[in-house]
Amino acid sequence: MMRSTGETEARWPGSAGLLLAQTGYQLKLFYRVPAAMFFTLALPLVMLILLNAVFGSDTVGEGSESQMWPTRQFYTAGLAVFAAVTATYTNLANMIPIRRDEGVLKRWRSTPLPTWIYVGGAICSSVILAAFNVIVMLTLGVVAYGLEIDAVKIPAAIVTLAVGIASFAALGMAVAAVVPTASAASAVANATVLPLAFVSNVFLSVDGAPRWVQLLGDAFPLKAFASAFQDTFNPTIAGAAWAPGRLGFIALWGVVGAVVAVTQFRWEPSGSGGRRSRRRSAAESSD
Amino acid sequence: MSVSEPMSPIVVRGLRKEYRSKDSSASGTVVAVDGLDLDVAAGEVYALLGHNGAGKTTAIEILEGHRMRTSGEVKVLGVDPGDGGRDLRDRIGVVLQTSGVEPELSVAEVLEIARRSYRSPRSTSEVIDVIGLNDKADQRVGSLSGGQARRVALGLGIIGRPELLFLDEPTTGFDPVARRSFWDLISRLAAEGTTVLLTTHYLDEAEHLADRVGVMADGRLIAEGTPADLIRSFGGSTVRFSLPESEAVTWSEVLQGEIAAQVSGTVTVTASGRVEISSSSPTSDLSVVTAWAVSRRVELPDLEVVRSSLEDVFIRLGQDR
Ligand SMILES: Nc1ncnc2c1ncn2[C@@H]1O[C@H](COP(=O)(O)OP(=O)(O)O)[C@@H](O)[C@H]1O
Ligand SMILES: [Mg+2]
């Protein structure tokens, strides 16, 4: 036999090292999928450049002249949030179901790698991408568009990003868990993020928009995330620009997402057919 | 045999698996595995043989811990795979029916990341050597041929130095050369002491690789034994010949006349017009045929006696049901 009893039992590899390796592995996979690279990294950058080119010299805001603030501050912050959301929510909702359909998740589940380390690696990689994205956007904002950063507001900006990124990663995992196939999950992710971005102060300010547009935006966490982060770049707001109500709202969505993800997560591919596969997976999970 | 034999790496008693019926119009359940008993001894290569839908994947994936069973007892390396954790998964190797290897990574990369999760893995270079992909080590898995990609899946199955290896249809879609070298590889692993449970619907594969074969149909084992045993008890030998193109003899004479009355085996006529007598006493049946031919003055130029293959056993078992 290969593992004789006299041999001293080899130790398990350390969790930190495994998590690090899994994060690197997920980043490498991401880097090798051109579509993921485009939607996650390039699209927000393109939007930033286009929107600044068209509206860069305008101001946004409601009411008196003193409450108006430059669009470049608005767009850079809003699109940095958009970039963070594509790196977490869109990315995870796309990539995890692809790996599930390919049978990659199921194969990993045959190995002694703890489940939480596989999932943790995927989440960590998306968080790293999100942070990278935000840094790229803000740097471009400072260098190309004269973005002003107010030191007093930096703590609120960082905490807002942390809460938003964590919550949208959880929501991405929830979509990945609930939607049976990769193509459907990709459609769900894009069909939720893109229209929402229009009513969530990302591509344009909805301050003067009809009431239903405002209410629609208020129901979902993207507007709260964008607005909270934009506040930290808004020169008309005095002080640290903390927004505990918005952060709590985003976190609430995140917790719901995490609960759905953890309870509904599936490792098995659901097969090719839509309806058939859903019934099939129902049969699987009923056992 | 009793469940209290601690040494067998695989012990299965009365395993049953029902799926909720996929077709909503049909009521009830699909019984995929229906009272399966199985013992695989340490160091043994055991082949589960059966047609598509026989329940092979369901059975092997229950043993791997991927599916839950409806009822029955299952012990894999002494533990219930349903709640076997990290420790069990460190000691088994799994090659699923669908490989599930990341197409974007190179052969060396998938092996390297996989080996990290095991306690005492083989080195990546050793595995690449074993699976014979030295010249493809840096090539993306997605660009490999089907057989090469399957070898990568096998490499992932053995990289943790498993005591017990599960292979679900390891060579489906291989060309004959690739199949041969895959067999050699499994034989080498078996010679090192690895216990192997594989499923296949290729009879030659089972005959070549397995110490013991279990023939599965409709979720049950309908025959079990060494390939030679199965052939002996279900197959025997076949006496076969073609009828000459002559007006002197007719089919009915062969099938209903002297020959059919006197031989001990069963007489069948193949689609190509050959008469086959499958028999457990080929010597006397052959003498019946030759006596008949001599008396009728007909020459049977392609008369032969062949030992049955596992394929004949398989076909016969299928007919009996
Ligand atoms: N997830 C599933 N849900 C419902 N029925 C299934 C499922 N998997 C397999 N079956 C059914 O169970 C039977 C056995 O299938 P399977 O174990 O895949 O057989 P094999 O591997 O021998 O081809 C088939 O009738 C198949 O349709
Ligand atoms: Mg199968």
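What to note about this one:
- In the set B:214, B:225, B:236, only one residue is of a type outside the set (D, E, K, R) and surrounded by fewer than 20 Cβ atoms within 10 Å (Cβ to Cβ); that residue is B:225.
- Filter result for residue A:101 (open to solvent by 20 Å² or more (accessible area, probe 1.4 Å) and within 14 Å of chain B (Cβ to nearest Cβ)): yes
- Restricted to segment B:42-76, and to residues there that are within 11 Å of chain A (Cβ to nearest Cβ), surrounded by 15 or more Cβ atoms within 10 Å (Cβ to Cβ) and hydrophobic (A, V, I, L, M, F, W, C), the residue that is farthest from ligand 2 (Cβ to nearest atom) is B:42.
- Being under 13 Å from the mean Cα position of the chain (by Cα) and open to solvent by 10 Å² or more (accessible area, probe 1.4 Å) is a description that does not apply to residue A:147.
- Checklist (1) at pLDDT 95 or above; (2) in contact with a Gly (Cβ under 9 Å, 6 or more places away or on another chain); (3) closer than 21 Å to residue B:205 by Cβ applied to residue B:49, failing item: (1)
- Just one of the listed residues (A:28, A:106) is of a type outside the set (Gly, Ala, Ser) and open to solvent by less than 40 Å² (accessible area, probe 1.4 Å), namely A:106.
- Checked against (1) part of a helix (DSSP H, G or I); (2) more than 19 Å from residue A:75 (Cβ to Cβ); (3) touching a residue at least 40 places away in the same chain (Cβ under 8 Å), residue A:133 meets all criteria but (2).
- Within segment B:205-245, being modelled with pLDDT of 85 or more, among the aliphatic types (A, V, I, L, M) and farther than 24 Å from residue B:43 by Cα holds for B:217, B:239.
- Condition check for residue A:72 on (1) within 23 Å of residue B:103 (Cα to Cα); (2) among the charged types (D, E, K, R); (3) open to solvent by 40 Å² or more (accessible area, probe 1.4 Å): one failure, at (1).
- Residue within segment A:31-40 that is away from chain B (no Cβ under 14 Å) and either over 25 Å from residue A:123 (Cα atoms) or modelled with pLDDT of 85 or more (or both) present: yes
- Pairs with Cβ under 8 Å, 6+ apart, first in segment B:53-75 and away from ligand 1 (no atom under 12 Å from the Cβ), second assigned to a helix (DSSP H, G or I): B:65/B:88; B:65/B:89; B:69/B:62; B:74/B:62; B:74/B:63
- For residue A:130: the one exception among (1) hydrophobic (A, V, I, L, M, F, W, C); (2) at pLDDT below 95; (3) crowded, with 17+ Cβ neighbours inside 10 Å: (2)
- Some residue of segment A:156-176 being modelled with pLDDT of 95 or more, more than 16 Å from the chain's Cα centre (by Cα) and open to solvent by 30 Å² or more (accessible area, probe 1.4 Å): no
- Output for segment B:77-105, where each listed residue is surrounded by 19 or more Cβ atoms within 10 Å (Cβ to Cβ) and of a type in the set (Gly, Ala, Ser): B:84, B:93, B:99, B:100
- Residues in segment B:178-202 that are open to solvent by less than 50 Å² (accessible area, probe 1.4 Å) and within 16 Å of ligand 2 (Cβ to nearest atom) were compared, and the one that is farthest from residue B:94 (Cα to Cα) is B:200.
The values are calculated or read from the model by the stated rules, or taken from the named source; none is laboratory data. Predicted model only: the values in this text are computed from it and were never measured. So basically every Cβ, Gly included, is an ideal-geometry build from the backbone, and we count neighbours across all protein chains shown. For the accessible areas, the whole protein counts, side chains as well, though only heavy atoms, and no ligand, DNA or RNA atoms are used. Shrake-Rupley method; radii C 1.70, N 1.55, O 1.52, S 1.80 Å.
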